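Below you'll find the structure, written out as structure tokens, and then a few comments.
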Amino acid sequence: MSDSNHHGMHSFEGKNVLCSHHSFEKESFGRFGRMFRELPPLYNPPSQLAGLGKIDGPMNGGNSPKFTDSVPLGMVFFGQFIDHDITFDTSTSFSSINNPNEIENSRSANLDLDSVFGGGPEDDPFLYRPREEGFYLLTALSNNNMDQNKATEKHDLQRNGKGTAVIGDPRNDENRVISQMQLALIRFYNANYKMLKDANSDYSPEHLYEEARKITTWHYQWVVVNEFLPIMCGKYLVADILGNGRKFYKPIYSAFIPVEFSVAAFRFGHTMIAQNLKLQQDGDMKSIFSSEFGKGFSRITSSDQAIEWDAFFDFGTDFQKAEKLDTTLAPILLELPFVPSDDPNDKSLATRNFRRGQSFLLPSGENVARHMQREESEIEQVVDFVNNKVKMEDVDLSAGIPLWYYILAEAEVIGRQDDDTQFSSGEGLGPVGGRIVAEVLIGLLELDRDSFLGNNRDWVPTHGEDGVFTMKDLMEEAEKACDL
């Protein structure tokens, strides 16, 4: 028997995974993947991660929130909506190493609103009116006022007899803001469908559906590129990527979602949610887990649960700001009330994020920053800030800083780049986090032949004014839709 076949001497698949991820040289269609295959994974002792994310630890933001100067609160929820549009992982856990190439992404890796449209009227007819009536997406009018009146029905989704939302992605009913954002996209599509139908009497329902879906999706994508990314990542960085290309997100065969994005960088919004918010301009402050605000997966039964979008986005009047993008979370997020566990580590959203990052073998933030050729003085500034913060809590991150935490610290210390020399700390993502997020979202669009960036780069919005289209415009167009 040869040495190579002897017990303890045989090879096994993926044996070098803890040195680097070169074994994952190409992405698998419909699977997650890695952006930085060259970098080794970071390991921090679980006790240190738990100490970092515990309720009375260094990430507790206290009861006096610090707000940004410029970021509309609604943009944080829009980020959640985007996440639901491009990622859905139903199979991984904290208790084993997760190989991204083996994990199916139940959403298409495209900003195509499949969370709204499902498989279309042929595959998911229950989302639409019958063909002879026109392929409009259904809303709460189809509920026949079950436990609702006309006033509350206007703000709700189509639901079945048990109150479960009948939508393309069930997660988009988990709180009132995301639920009514889903409804706004549905209504925006319906408004576009009717506009086309009125102007083109010879179009078939199938043709109208395809055209209305494209118009709706391209306007949504426009907002992602021209409003969301500049606010969260900085106009300077977005312009650099659009003008000089992507440097790090470079799929070989097809677009995919990197775990450095989904498990770390795109979780930045967790730090920007305040513990108490209001749903309406003149409404009372409510906990994010109150029945009015956070209790989704059920019918709207009160006008107090209806969202006024001018309280969340810039309509030219006062609007709620997001919390600072920094290394702290609202206390309630470090002790999640809905997690059925007696283990405090299970109830801390921060600790859960750290555990998930470790299970996906993410590299350290410092290694990613160096790989992205950031200045060593900048990296040292972030590392020193982190070390000074955690040493007071007896947390040891000498092995390296978890990527998610590094991105938060970078945002707090350096911040969003607004021009070639100006940075705004706490207002948005820093150089590492911002580039990961912006390159992936722009890359998904550039690699999608059905998107406006992948199909027609001369396209400009048909809604809005003078080529400018924002969330304000989208919400106002959605209000024009007939009730269905």
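I'd like to know if region 287-305 contains one or more residues that are aromatic (Phe, Trp, Tyr), at pLDDT 95 or above and buried (at least 16 other Cβ atoms within 10 Å of the Cβ). Write out each step before concluding.
The first filter runs over region 287-305 and keeps only residues aromatic (Phe, Trp, Tyr), leaving 289, 293, 297.
Adding the requirement that they be at pLDDT 95 or above leaves none.
Checking region 287-305: not a single residue is aromatic (Phe, Trp, Tyr), at pLDDT 95 or above and buried (at least 16 other Cβ atoms within 10 Å of the Cβ).
Quick check on my filter: what residues within region 27-61 are over 24 Å from the mean Cα position of the chain (by Cα) and at pLDDT below 95?
Scanning region 27-61 gives a single hit, Glu38.
Can you tell me which of Val468, Val432 is of a type outside the set (D, E, K, R), open to solvent by less than 20 Å² (accessible area, probe 1.4 Å) and at pLDDT 95 or above?
Working: Val468 fails: open to solvent by less than 20 Å² (accessible area, probe 1.4 Å).
The conditions single out Val432.
Would you point out the residue of region 268-286, among those that are assigned to a loop (DSSP other than H, G, I, E, B) and open to solvent by less than 30 Å² (accessible area, probe 1.4 Å), that is farthest from Asn60 (Cα to Cα)?
Going residue by residue through region 268-286, those that are assigned to a loop (DSSP other than H, G, I, E, B) are 272-275, 278-285.
Applying the additional criterion that residues be open to solvent by less than 30 Å² (accessible area, probe 1.4 Å) yields 272-274, 279, 283.
Details: Met272: 13, Ile273: 13, Ala274: 12, Leu279: 24, Gly283: 27 Å.
Filtering first and then ranking leaves Gly283.
Just checking: which of the helices (runs of 4 or more DSSP H) contained wholly in region 383-484 hold 2 or more residues that are among the hydroxyl-bearing types (Ser, Thr, Tyr)? It would help to see each step written out before you state the result.
Values: elements: 403-413, 431-446, 452-455, 471-479.
Because the criterion is at least 2 residues that are among the hydroxyl-bearing types (Ser, Thr, Tyr), the helices (runs of 4 or more DSSP H) in region 383-484 that meet it are 403-413.
Out of the residues in region 33-86 meeting the condition of being open to solvent by 40 Å² or more (accessible area, probe 1.4 Å), assigned to a loop (DSSP other than H, G, I, E, B) and touching a strand residue (DSSP E or B) at 6+ places or on another chain (Cβ under 7 Å), tell me which one is farthest from Asn367 (Cα to Cα).
Result: Pro65.
Hey, could you check region 144-161 for residues that are of a type in the set (Lys, Arg) and farther than 20 Å from Pro125 by Cα and say which is least open to solvent (accessible area, probe 1.4 Å)?
Among them, the one singled out is Lys154.
Kindly check whether there is at least one residue in region 437-447 that is open to solvent by 30 Å² or more (accessible area, probe 1.4 Å) and either under 21 Å from Thr216 (Cα atoms) or not aromatic (Phe, Trp, Tyr) (or both).
Filtering region 437-447 for residues open to solvent by 30 Å² or more (accessible area, probe 1.4 Å) gives 446-447.
So of that shortlist, the ones also either under 21 Å from Thr216 (Cα atoms) or not aromatic (Phe, Trp, Tyr) (or both) come out as 446-447.
For region 437-447, residues open to solvent by 30 Å² or more (accessible area, probe 1.4 Å) and either under 21 Å from Thr216 (Cα atoms) or not aromatic (Phe, Trp, Tyr) (or both): present.
Enumerate the pairs (first residue in region 113-134 and more than 22 Å from Leu441 (Cα to Cα); second residue anywhere and β-branched (Val, Ile, Thr)) with beta-carbon separation below 8 Å, excluding pairs fewer than 6 apart on the same chain, so at least 6 apart or on different chains.
Pairs that qualify, where the first residue is more than 22 Å from Leu441 (Cα to Cα) and the partner is β-branched (Val, Ile, Thr), are Phe126/Val166; Leu127/Val166; Leu127/Ile167.
Would it be correct to say that Tyr209 is in a helix (DSSP H, G or I), open to solvent by less than 40 Å² (accessible area, probe 1.4 Å), closer than 20 Å to Tyr128 by Cβ and out of contact with any Gly (no Cβ under 9 Å at 6 or more places or on another chain)?
Details: in a helix (DSSP H, G or I): yes; open to solvent by less than 40 Å² (accessible area, probe 1.4 Å): yes; closer than 20 Å to Tyr128 by Cβ: yes; out of contact with any Gly (no Cβ under 9 Å at 6 or more places or on another chain): no.
So Tyr209 does not fit the description; no.
Answer with yes or no whether Phe319 is within 22 Å of the chain's Cα centre (by Cα), in a loop (DSSP other than H, G, I, E, B) and surrounded by fewer than 21 Cβ atoms within 10 Å (Cβ to Cβ). Break it down stepwise before answering.
Numbers: within 22 Å of the chain's Cα centre (by Cα): yes; in a loop (DSSP other than H, G, I, E, B): yes; surrounded by fewer than 21 Cβ atoms within 10 Å (Cβ to Cβ): yes.
Yes: the conditions hold for Phe319.
Quick one: Glu412 ticks every box in (1) closer than 23 Å to Val437 by Cβ; (2) without any contact (Cβ under 8 Å) to a residue 12 or more places away in the chain; (3) not aliphatic (A, V, I, L, M) except a single one, so which number is it?
Result: Glu412 fails condition (2) only.
Of all residues in region 164-188, how many are closer than 16 Å to Lys154 by Cα and assigned to a helix (DSSP H, G or I)?
Residues in region 164-188 being closer than 16 Å to Lys154 by Cα and assigned to a helix (DSSP H, G or I): 14 in total.
Given the criterion within 30 Å of Ser287 (Cα to Cα), among the polar types (S, T, N, Q) and open to solvent by less than 60 Å² (accessible area, probe 1.4 Å), identify the matching residue among Thr164, Thr216, Thr139. If you could, list the steps in order and put the result at the bottom.
On the way: Thr164 fails: open to solvent by less than 60 Å² (accessible area, probe 1.4 Å); Thr216 fails: within 30 Å of Ser287 (Cα to Cα).
Only one candidate passes the filter, namely Thr139.
For region 219-232, name all the residues that are open to solvent by 10 Å² or more (accessible area, probe 1.4 Å) and farther than 12 Å from Ser451 by Cα.
Taking region 219-232 first, the residues open to solvent by 10 Å² or more (accessible area, probe 1.4 Å) are 222, 226-227, 230-231.
Result: Asn226, Glu227, Pro230, Ile231.
All but one of (1) at pLDDT 95 or above; (2) acidic (Asp, Glu); (3) under 27 Å from Ile82 (Cα atoms); (4) surrounded by fewer than 19 Cβ atoms within 10 Å (Cβ to Cβ) hold for Glu410, so report the exception by its number.
Condition not satisfied by Glu410: (4).
The values are calculated or read from the model by the stated rules, or taken from the named source; none is laboratory data. As the structure is a computational prediction, the values presented were derived from the model and not from experiment. Heads up, the Cβs are rebuilt from the backbone with ideal geometry, glycines too, and the neighbour counts pull from every protein chain shown. The accessibility values were calculated without ligands, DNA or RNA, using every heavy atom of the protein model including side chains. Shrake-Rupley method; radii C 1.70, N 1.55, O 1.52, S 1.80 Å.
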